[in-house]
Amino acid sequence: MKIHEYQARQLLADYGVPVPRGEVADTSRDARRIAEDIGGPVVVKAQVHAGGRGKAGGVKVVGTPLEAENAAASILGRPLVTPQTPPGGVVPRKVMVAEAAQIERELFLAALVDGEARAPVVMASTEGGVEIEEVAENNPDKIIRVEADPLVGLSPYRARALSVKLGLPTNLVHPAADLIGNLYRLFTEKDCTLVEINPLVVTVDGRIIALDAKIELEDDALFRHPDLARLHDPDQDDEHELRAARAGLSYVKLEGGRVGCMVNGAGLAMATMDITRWAGAEPANFLDVGGSASEDAIAEAFRIIVSDPEVEAILVNLFGGILRTDGAARGIIAAAQETGADLPIVVSMRGTNAEEGRRLLAESGLEVTSADSLSGAADALREVLGDAAR
Amino acid sequence: MKIHEYQARQLLADYGVPVPRGEVADTSRDARRIAEDIGGPVVVKAQVHAGGRGKAGGVKVVGTPLEAENAAASILGRPLVTPQTPPGGVVPRKVMVAEAAQIERELFLAALVDGEARAPVVMASTEGGVEIEEVAENNPDKIIRVEADPLVGLSPYRARALSVKLGLPTNLVHPAADLIGNLYRLFTEKDCTLVEINPLVVTVDGRIIALDAKIELEDDALFRHPDLARLHDPDQDDEHELRAARAGLSYVKLEGGRVGCMVNGAGLAMATMDITRWAGAEPANFLDVGGSASEDAIAEAFRIIVSDPEVEAILVNLFGGILRTDGAARGIIAAAQETGADLPIVVSMRGTNAEEGRRLLAESGLEVTSADSLSGAADALREVLGDAAR
Amino acid sequence: MSVLVGPDTRLLVQGLGRDGSFQSSRAREYGVNMVAGVHPGRGGQKFENAVPIFESASEAVDRTGANVGVIFVPAPFAADAIIEQVDAGLDLIVTITEHVPVLDMVKVLAYLEGKKTRLIGPNCPGIIQPSSRVKVGIIPANIVQEGRIGVVSRSGTLTYEAIAQLSQYGMGESTCVGIGGDPLHGTTFTDVLEMFENDPDTDAIVLIGEIGGTREQSAAEFIKTGVTKPVVAAIVGQTAPPGKRMGHAGAIVTGKAALASEKIDALRNAGAHVVNSPAYIGRQMRDLIG
Amino acid sequence: MSVLVGPDTRLLVQGLGRDGSFQSSRAREYGVNMVAGVHPGRGGQKFENAVPIFESASEAVDRTGANVGVIFVPAPFAADAIIEQVDAGLDLIVTITEHVPVLDMVKVLAYLEGKKTRLIGPNCPGIIQPSSRVKVGIIPANIVQEGRIGVVSRSGTLTYEAIAQLSQYGMGESTCVGIGGDPLHGTTFTDVLEMFENDPDTDAIVLIGEIGGTREQSAAEFIKTGVTKPVVAAIVGQTAPPGKRMGHAGAIVTGKAALASEKIDALRNAGAHVVNSPAYIGRQMRDLIG
């Protein structure tokens, strides 16, 4: 679960990580008041769950409270489009107003779990302010990495060594090591999947501050953090992904595809996407209905797929285990009739009650092509798409 | 560091352990108000750092707010003497006023570190309300013990197994396991040396409550718990032990002894106490001045020893390493002159600058007998005590 | 035991809720020797009037000699159940449960170090072995048949797909192992590849990987020097965009190494036969071992 | 190495504050081969113009081949220093620091499991070995002399007392080891007794115990079957009342087993020669080995 910068900033502050003075504002008038309280230049930042805000005009450095008000007014309520948002952008409902730090150096610092190391790691780089993936690609040597131990955590000596390797001046080594230790505590105690400070800055007056922060919380651990679960902002989610999540489905919209996929199992769903391309088209979505989806969940899955205007055909691939494919067929038929969607459907149904499921679909009056294997489904899809193109 | 019951109760409550309704009162009037708020019978308990309050009259169960006021008045400000207090008792400055629970069963529950297991353990017993040492002695089978693991902590399944072994009814197994888990979290997160709930009661209305609680915090870990360090109540400490602690000395008053001991090193201090008995007398104290005591600290140690009216002779046994024995001699001489104490002193000084130390003492005019070994010191002490007895 | 399980497998099922009970019934129908259930509050009862249920895993092991455990308990309690089964001394633990918090798994995996117990999963379909009729987990029994192909996979239903394709071409399985879709998991591709290599009942291996992590690269490293039997491999997720999690916690492209193309290259360089489409697993295997 | 240290000992000192520096000077005077210091913020400097100081233990080990570490850092940082030295790969770590929080030690001892490093202490005076002129810690060098008695003790100054008594009767020491006064400690009596038993340079052993815990009982168990050399033992704290901590964190009578009398009985039953008064350690040893 992603949270906003202002929420991440508060969590960091709670854990003793120095952050710039500032507050979050819902209105431009509030933004002005905050800027007045701070005094001096401030930065006004759109609060959206997407990177690339700066280039998209979502971050403005201004000199006066009036300018802050104007900057906030120009950001709030207007769709912000970045490479990480949907094409229509997302609408910022809040702005962060914070002191504009006088930056001497920009660093990068993050904590995450490393699957290979089977432990949390802290990564840092002297190349702050840029995307870490870029650094990893172009300057892997610039990335410094220390592992935590599951028993003793992130040893202070390792945090100190990391600070030294970042080339910090002697008087900042200790504060930086403390900061790294606090970042790690936050990461583990709140079950984060990512805590990223980018940039972590050294100011001209010799402080070290988390200037921007990104925190992602582990969905699977929110049950033990009810306070954090409340930080969720549904405004930031893709509407379809949100609907899918509510129905217990795992759905990811893929840009530019025209074949809607409905599959049970994540691996089979990816395989189904892959054979879609093999059949000459791009998948419009990833959709795993899970191992034991109900008729209703299947119907909702169908509705979500067809609500995507780019979808021209549907590929259903269900391998029934606990999942009963006859129930799934009923769900599909009900949703198709309800939505009036008349898209061609390629169906591969195997496993529990598959014959009955296929029979129900064949007799439903829907435009269904049946297949009995993954390659058969690819062939059928190729045919259907060829028809559609005609 | 010991803390009061009311403080322990609050810590337990902070960690989600159910405690009886109640509050602490400084005055009898407050006690009445609290009893009124609670309604129904209450128990009024003296807040002192010593067990055995009940038998000594420090715990009173009463039926009405007026009786609570009277009970508090009879406890507050009057010395309470229990087997665990100094002979003069300690003066309760606060009383705890809490609902009088309707008890169905009394259990015992505690967390501590087991040196052999090298891990924290939780101990429980169906014999609540009595001293656990007694149960350990007479009914060791009644004590149930589960170990925590340094990596994963106290596994919930072990807490559940403990609850089952305590013979709790099915509907209380889960709440009890949660309670045990919370007790363990408190123990580790606050660096306790002991968290003891005795009794842990099952009430007639089927709740499980920590009726009385004792928490001891680790002195060596208080540096990371400044909030807990503030719970210290110096009123409860022995005046001499407090003075010693302030001077960096480790002092324990022993009842009924007449030989004051001043030694560097805990092991050598115990050995010195042991040879005191070997010489026919009992030691009046344990006193370890530490490995590098200053002249001033030695002088303070001497003052503390002679302020004990039972002390008839002093045995000084210093083995200088970092400690300079000549400095120690100067400290002793200064304190002796300042206090005017004219007790016989047996001195064994070895190691760094011991010759100079011995010379200073010999020329000081004090009644000093010198010895050059532990057995020599015992012989000299026997002689001095014989003289004193004459 | 042959690969992980065998005729001597004595199964303990922990968590007899809806899924655990359903799957235990299916597994018993198939023929597995389920000797014990563990479900707090139900100690003393019997599952299907036949299998004793205990309050704790250690009691179950002491009383029944169970040597393999399977875990269906809900995610918040799964890590504790694994530790309980480790402490009870089981040889093998298969954790079906999905959504186990990753920091729980960090501790569990560290706890397992130096212990005799092997963990499969979490978030995996488990193991099925037709020759001994042992089913530990949720792989549907009706799709497998006895044969000489070992199947190892990160994915559940895709495993079934691969099995179906093998059947289509007349081949059966020695043992099928789902290692799970989470980034932190007990048993790796490499572990299972080594078992298949040493298993006299296995002639060839199907390996099904996906995007995310570098497990397939580790497998490729091992295949280079440690596997002489033919390996047919499929990597799914070629069409998945970077930064988006495809269902499985581990199925996310976070760097170049996590891409399907990198994994395919590594496996091809190691001598594995990587199919271009996941639809061709069976055909490729038939071409290889005829 | 003979017992714990020897001519090949290459010492790293971590924590060169007041005590660390003072003791390092004394140790170098005695003859120990101190090859490195570690003190954050002082990397690049030299101790006594001779011994390089590093920022980290791993750097110190890499550059100097240090194999034994001694720790003088303040208590709040001691556990981390131990872990740093373990990670740096030292064979032996001697922790002098007193007042290390007990829950820190729980983790440190668990961390050490399965690693090659041995820990002595914390809260101990360290090791001295006259034959190789190795001093790791704070045992005063002027009181020891080369000889054939091994000394092992929970206590610092009482060790010096025992050494002085041996000298008084004309005996010297092979190696003296202070295992420390804390309830949780790395190396036990039993560990050191076994080393002395196997050490050709040791003819007899002095063991000095105290009230608290059951370490002396464990030692007695081992002496019964594992020690053939004569053992003279003293247990101090016979006059200590129950429930009162006598300085050392571990020196507190909390149950019957923690009493001096119990320990004395156990050691006597195991064949050790337990003196009635700690003043008779030297005399007893002389009587035994004349």
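Below, the figures for the structure above:
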{"quantity": "Unmet requirement for D:SER218, which otherwise passes all of (1) more than 17 Å from the chain's Cα centre (by Cα); (2) within 14 Å of chain B (Cβ to nearest Cβ); (3) assigned to a loop (DSSP other than H, G, I, E, B)", "calculated": "(3)"}
{"quantity": "Considering residues of region A:321-355 that are touching a Lys or Arg at 6+ places or on another chain (Cβ under 8 Å) and part of a loop (DSSP other than H, G, I, E, B) only, the residue surrounded by the most Cβ atoms within 10 Å (Cβ to Cβ)", "calculated": "A:THR352"}
{"quantity": "Only one of C:GLN238, C:GLN217 that is surrounded by fewer than 24 Cβ atoms within 10 Å (Cβ to Cβ), without any contact (Cβ under 8 Å) to a residue 40 or more places away in the chain, in the same structural domain as C:SER174 (by TED's automatic domain parsing) and out of contact with any strand residue (DSSP E or B) (no Cβ under 8 Å at 6 or more places or on another chain)", "calculated": "C:GLN238"}
{"quantity": "Test: residue in region C:282-290 that is within 10 Å of another protein chain (Cβ to nearest Cβ), within 21 Å of A:ASP114 (Cβ to Cβ) and part of a helix (DSSP H, G or I)", "calculated": "no"}
{"quantity": "In region C:162-178, the residues that are over 20 Å from C:ALA27 (Cα atoms) and within 13 Å of chain A (Cβ to nearest Cβ)", "calculated": "C:ALA162, C:GLN165, C:LEU166, C:SER167, C:GLN168, C:TYR169"}
{"quantity": "Close pairs (9 angstrom Cβ cut-off, 6 or more residues apart or separate chains): free of Cβ contacts under 8 Å to residues at least 60 places away in the same chain in region C:199-212, part of a loop (DSSP other than H, G, I, E, B) and among the β-branched types (Val, Ile, Thr) anywhere", "calculated": "C:ILE205/C:VAL227; C:ILE211/C:ILE252; C:ILE211/C:VAL253; C:GLY212/C:ILE252; C:GLY212/C:VAL253; C:GLY212/C:THR254"}
{"quantity": "Candidate set: region D:30-52, residues that are under 22 Å from the mean Cα position of the chain (by Cα) and farther than 27 Å from D:GLU146 by Cα; chosen: the one farthest from the other protein chains (Cβ to nearest Cβ)", "calculated": "D:GLY37"}
{"quantity": "Residue within region B:46-56 that is of a type in the set (D, E, K, R) and in a loop (DSSP other than H, G, I, E, B) present", "calculated": "yes"}
{"quantity": "Selection from region D:188-215 of residues that are among the β-branched types (Val, Ile, Thr) and in a strand (DSSP E or B)", "calculated": "D:ILE205, D:VAL206, D:ILE208"}
{"quantity": "Selection status of B:GLY58, over 22 Å from D:VAL253 (Cα atoms), assigned by TED's automatic domain parsing to the domain that holds B:PRO199 and of a type outside the set (Asp, Glu)", "calculated": "no"}
{"quantity": "Answer from D:GLY243, D:GLY250 - the residue that is more than 24 Å from the chain's Cα centre (by Cα), in a loop (DSSP other than H, G, I, E, B) and not assigned by TED's automatic domain parsing to the domain that holds D:VAL100", "calculated": "D:GLY243"}
{"quantity": "Selection from region C:142-194 of residues that are among the hydrophobic types (A, V, I, L, M, F, W, C) and under 13 Å from the mean Cα position of the chain (by Cα)", "calculated": "C:VAL151, C:VAL152, C:LEU158, C:CYS176, C:VAL177, C:ILE179, C:PHE189, C:VAL192, C:LEU193"}
{"quantity": "Any hit, region D:273-289, residues being under 20 Å from the mean Cα position of the chain (by Cα) and aliphatic (A, V, I, L, M)", "calculated": "yes"}
{"quantity": "Scan of region B:265-291 for residues that are without any contact (Cβ under 8 Å) to a residue 60 or more places away in the chain and closer than 26 Å to B:GLY340 by Cα, ordered by number", "calculated": "B:ALA269, B:MET273, B:GLU282, B:PRO283, B:ALA284, B:ASN285, B:PHE286, B:LEU287, B:ASP288, B:VAL289, B:GLY290"}
{"quantity": "Scan of region A:356-390 for residues that are within 12 Å of chain C (Cβ to nearest Cβ) and part of a strand (DSSP E or B), ordered by number", "calculated": "A:ALA371"}
{"quantity": "Which numbered condition D:ALA234 misses (of (1) more than 23 Å from D:TYR160 (Cα to Cα); (2) within 13 Å of chain B (Cβ to nearest Cβ); (3) modelled with pLDDT of 95 or more)", "calculated": "(1)"}
{"quantity": "Residue count for region C:233-270, restricted to those that are touching a Phe, Trp or Tyr at 6+ places or on another chain (Cβ under 9 Å) and more than 26 Å from A:VAL289 (Cα to Cα)", "calculated": "1"}
{"quantity": "Region D:53-112, subset among the acidic types (Asp, Glu) and within 7 Å of another protein chain (Cβ to nearest Cβ), residue farthest from B:GLY153 (Cα to Cα)", "calculated": "D:GLU55"}
{"quantity": "Qualifying residue in region D:264-279 (condition: within 13 Å of chain B (Cβ to nearest Cβ), in contact (Cβ under 8 Å) with a residue 12 or more places away in the chain, under 19 Å from D:TYR169 (Cβ atoms) and in a helix (DSSP H, G or I))", "calculated": "yes"}
{"quantity": "Subset of region C:114-140 [at the interface with another protein chain (Cβ under 10 Å from one of its Cβ atoms) and either closer than 17 Å to A:VAL113 by Cβ or within 15 Å of the chain's Cα centre (by Cα) (or both)]", "calculated": "C:ASN123, C:PRO125, C:ILE138, C:ILE139, C:PRO140"}
{"quantity": "Number of the condition not met by A:PRO199 [criteria: (1) of a type outside the set (S, T, N, Q); (2) under 23 Å from A:GLY153 (Cβ atoms); (3) in contact with a strand residue (DSSP E or B) (Cβ under 7 Å, 6 or more places away or on another chain)]", "calculated": "(2)"}
{"quantity": "Region C:111-134, subset in the same structural domain as C:PRO76 (by TED's automatic domain parsing) and assigned to a helix (DSSP H, G or I), residue surrounded by the most Cβ atoms within 10 Å (Cβ to Cβ)", "calculated": "C:TYR111"}
{"quantity": "Exclusive hit being surrounded by fewer than 20 Cβ atoms within 10 Å (Cβ to Cβ) and either among the hydrophobic types (A, V, I, L, M, F, W, C) or over 24 Å from C:VAL144 (Cβ atoms) (or both), set C:GLY250, C:GLY243", "calculated": "C:GLY243"}
{"quantity": "Scope region A:9-36; condition under 27 Å from the mean Cα position of the chain (by Cα), part of a helix (DSSP H, G or I) and crowded, with 20+ Cβ neighbours inside 10 Å; matching residues", "calculated": "A:ARG9, A:LEU11, A:LEU12"}
{"quantity": "Enumerated strands (runs of 3 or more DSSP E) restricted to region B:67-155, each holding at least 1 residues that are within 11 Å of another protein chain (Cβ to nearest Cβ) and touching a strand residue (DSSP E or B) at 6+ places or on another chain (Cβ under 8 Å)", "calculated": "B:103-114, B:119-125, B:143-147"}
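Results for (1) touching a residue at least 12 places away in the same chain (Cβ under 8 Å); (2) buried (at least 17 other Cβ atoms within 10 Å of the Cβ); (3) basic (Lys, Arg), shown as yes or no for each residue.
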position: B:LEU112; (1), (2), (3): yes, yes, no
position: B:GLY115; (1), (2), (3): no, yes, no
position: B:VAL121; (1), (2), (3): yes, yes, no
position: B:GLU133; (1), (2), (3): no, no, no
position: B:ASN138; (1), (2), (3): no, no, no
position: B:VAL152; (1), (2), (3): no, yes, no
position: B:ALA159; (1), (2), (3): yes, yes, no
position: B:LEU166; (1), (2), (3): yes, yes, no
position: B:THR170; (1), (2), (3): no, no, no
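The values are calculated or read from the model by the stated rules, or taken from the named source; none is laboratory data. What you are looking at is a predicted structure, and each value in this text was computed from that prediction instead of being measured. Quick reminder, even Gly has a Cβ in these numbers, built from the backbone with ideal geometry, and neighbours come from all protein chains shown.
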